[in-house]
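Take a look at the structure below.
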Amino acid sequence: MELKEISKDVYDVSGYLAKEFGEIGSPEREESTKKAWEEYNAQILLDARKNARLTQEELAKRIGVDKGYISRIERGIIVPTVSTLYRIASAMGLTVELRPM
């Protein structure tokens, strides 16, 4: 699907998103947003692991899971529990910060 050009170099992104993923607040849009956040967080964990210079196997051993579990998290197939997220962060020498928006 192409973006609708409103004027030179100005595009209707909202219209594109609505057609592609549903209107804001619709179940389709909510599901798409949820999946996007899961993939985004998976990428953050993948990048953090690589920055820590750890293999999936090394990270898995540090937190007591198998390599396949780390792979599934990094591909966004599964979402780790909060406790597992904290263990992953700690194993990479990181912390998790919760702060007001």
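The values are calculated or read from the model by the stated rules, or taken from the named source; none is laboratory data. Computed from a predicted structure; not experimentally measured. Please note: Cβ atoms are built from the backbone with ideal geometry, for glycine as well, and neighbour counts cover all protein chains shown.
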Checklist entry - Tally time: how many residues in segment 61-78 are surrounded by 15 or more Cβ atoms within 10 Å (Cβ to Cβ), among the hydrophobic types (A, V, I, L, M, F, W, C) and not in a helix (DSSP H, G or I)? => result 1
Checklist outcome for this item: Of the conditions (1) touching a Ser or Thr at 6+ places or on another chain (Cβ under 9 Å); (2) modelled with pLDDT of 90 or more, the single one that Gly22 does not satisfy is (2)
Checklist outcome for this item: Selection from segment 56-76 of residues touching a residue at least 24 places away in the same chain (Cβ under 8 Å) and either under 16 Å from Ala42 (Cα atoms) or in contact with a strand residue (DSSP E or B) (Cβ under 8 Å, 6 or more places away or on another chain) (or both) yields Leu59, Ile73, Glu74, Arg75, Gly76
Checklist entry - Residues Glu58, Glu38: which one is within 30 Å of Leu17 (Cα to Cα), acidic (Asp, Glu) and assigned to a helix (DSSP H, G or I)? => result Glu38
Checklist outcome for this item: Only one of Val13, Val79 is free of Cβ contacts under 8 Å to residues at least 60 places away in the same chain and closer than 21 Å to Leu98 by Cβ, namely Val79
